[in-house]
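The values are calculated or read from the model by the stated rules, or taken from the named source; none is laboratory data. Bear in mind that the values here come from a model prediction, so they are computed numbers and not experimental data. Counting neighbours? That spans all protein chains shown, and the Cβs are built from the backbone with ideal geometry, glycine included. For accessibility, only protein heavy atoms count, side chains too; no ligands or nucleic acids. Shrake-Rupley method; radii C 1.70, N 1.55, O 1.52, S 1.80 Å.
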Amino acid sequence: MTTAQHAQPISLLLDPATVQSIADEVWPSLVGDGEAFVPVPVAPPAEVVSAWVDIVGPWTGSVVLTCSPATARALTENVLMTRPPAVVDDEDVADALGELANVLGGNIKSVLPGESRLGLPRVGTAPPRGRLDDVCALAGQWRGDFLTITVQGTAPHPSGTEVPQ
Amino acid sequence: MRALVIDDSRAMRRIVGTILTDFGYEVREAGDGRQALDVLEEGWTPDLCCIDWNMPVMDGLQFVFAVRATPAYRQVTLMMVTTESETGQIVKALAAGAHEYLIKPFTADALRDKLALLGLLPEEVTA
């Protein structure tokens with residue numbers, strides 16, 4: 001039986017260098033030519049927003065992209081190729097940030113062992129993390145602003161059983 | 001030529017749609033497989049459908065099955081454009097009737113190469 005509690009932790013399945021190599025493909029394609037996720041951490045902002053997709057399979061968890069609301073808006077403007085005076089709204093931000101998480105998550109899923117399912121993207125407050133060793137986090141920046149990509153196991157349900165997917 | 005871009009992400013629809021428009025395509029969009037079938041049932045028959053896999057309501061694979069089950073749409077070329085990159089998923093989509101498979105993230109050049117392979121690149125772009 002493979003559950004979040006019994007599966008190998010993500011730290012044994014994936015390393016930050018692999019996540020970086022996936023980000024290296026995603027950024028120029030979705031965010032724009034010459035754009036890059038730079039794996040040099042900067043101080044986190046006071047307020048953050050996250051987009052994530054769930055992976056359900058031999059390993060179960062989420063791929064979470066977290067940044068400040070201002071960075072999310074700037075990323076959206078790039079993804080949508082909007083130019084002033086055009087403005088992006090909250091729905092655009094949720095959509096674009098969600099799609100970035102979706103493409104990151106889909107490519108991360110493909111390097112995990114076994115057959116897994118990818119959920120639809122969600123945006124808001126990141127889901128809680130599971131075991132401490134079931135996290136592969138890549139802290140970095142885009143255009144000097146805080147951004148992290150976190151691959152994290154599902155937190156166990158308070159009753160001790162898994163949350164139904 | 002006509003293309004129907006089917007993706008639940010507006011951002012991705014815009015990206016794919018912009019590239020195809022630059023190639024000279026007339027483009028329409030749908031947010032899921034059901035909406036895409038509605039477009040086909042209107043009588044707007046595309047030469048090409050670019051289809052995301054994971055979508056609410058009706059996913060891309062269900063859409064491919066639905067189109068392939070309808071003889072009137074036999075001439076429509078179906079290309080999956082998705083993050084689902086495992087061999088098993090690709091085989092599943094091709095077996096269902098998809099003609100080509102493009103994995104996200106992709107570049108405009110990669111899409112252009114796929115269209116050339118399918119014989120769906122307008123002459124003015126090929127030249």
Practice task
Those residues that are in contact with a Lys or Arg (Cβ under 7 Å, 6 or more places away or on another chain) and surrounded by 16 or more Cβ atoms within 10 Å (Cβ to Cβ), I need them from region B:27-44; list them, please.
Solution key: B:29, B:39
Practice task
Examine region B:8-24 for a residue that is away from every other protein chain (no Cβ under 13 Å) and open to solvent by 10 Å² or more (accessible area, probe 1.4 Å), and state whether such a residue exists.
Solution key: yes
Practice task
Starting from region A:85-97, keep only residues that are within 12 Å of another protein chain (Cβ to nearest Cβ), then list their pairs with residues that are in a loop (DSSP other than H, G, I, E, B) whose Cβ atoms are within a distance under 7 Å, requiring at least 6 positions of separation or different chains.
Solution key: A:88/A:80; A:88/A:82; A:92/A:80; A:95/B:9; A:96/A:80
Exercise for the section: Output yes when any residue across region A:37-57 is assigned to a loop (DSSP other than H, G, I, E, B), within 14 Å of chain B (Cβ to nearest Cβ) and touching a Ser or Thr at 6+ places or on another chain (Cβ under 7 Å), and no when none is. Expected result: yes
Problem - Odd one out for residue A:102 among (1) over 15 Å from residue A:148 (Cα atoms); (2) at the interface with chain B (Cβ under 10 Å from one of its Cβ atoms) - result: (1)
Fill in the blank from the handout: Sole miss for residue A:70 among (1) closer than 22 Å to residue B:16 by Cα; (2) loosely packed, with under 14 Cβ neighbours inside 10 Å is condition (1)
Completion exercise
(1) away from every other protein chain (no Cβ under 14 Å); (2) at pLDDT 95 or above; (3) surrounded by 19 or more Cβ atoms within 10 Å (Cβ to Cβ) all hold for residue A:154 apart from (2)
Problem - Which numbered condition residue A:80 misses (of (1) within 25 Å of residue A:139 (Cβ to Cβ); (2) crowded, with 17+ Cβ neighbours inside 10 Å) - result: (1)
Fill in the blank from the handout: Going through (1) at pLDDT 95 or above; (2) over 23 Å from residue B:24 (Cα atoms) one by one, residue B:99 fails only at (2)
Fill in the blank from the handout: In the set A:117, A:122, the lone residue that is touching a Phe, Trp or Tyr at 6+ places or on another chain (Cβ under 9 Å), touching a residue at least 60 places away in the same chain (Cβ under 8 Å), among the basic types (Lys, Arg) and within 28 Å of residue B:17 (Cα to Cα) is A:122
Problem - Where residue A:33 falls short, out of the listed (1) at the interface with chain B (Cβ under 10 Å from one of its Cβ atoms); (2) surrounded by 23 or more Cβ atoms within 10 Å (Cβ to Cβ); (3) farther than 22 Å from residue B:52 by Cβ - result: (2)
Completion exercise
Within region A:105-115, the residues that are facing chain B (nearest Cβ under 9 Å) and open to solvent by less than 50 Å² (accessible area, probe 1.4 Å) are A:105, A:106, A:107, A:109, A:110
Practice task
Kindly list the number of the only condition in (1) within 12 Å of chain A (Cβ to nearest Cβ); (2) in a helix (DSSP H, G or I) that fails for residue B:36.
Solution key: (1)
Completion exercise
Quick count over region A:36-65, residues being among the β-branched types (Val, Ile, Thr) and open to solvent by 20 Å² or more (accessible area, probe 1.4 Å), is 6
Exercise for the section: Test residue B:90 against the criterion of being of a type in the set (Val, Ile, Thr), within 15 Å of residue A:106 (Cβ to Cβ) and crowded, with 16+ Cβ neighbours inside 10 Å, and give yes or no. Expected result: yes
Problem - Some residue of region B:47-56 being open to solvent by less than 60 Å² (accessible area, probe 1.4 Å), in contact with a strand residue (DSSP E or B) (Cβ under 7 Å, 6 or more places away or on another chain), of a type in the set (S, T, N, Q) and within 14 Å of chain A (Cβ to nearest Cβ) - result: yes
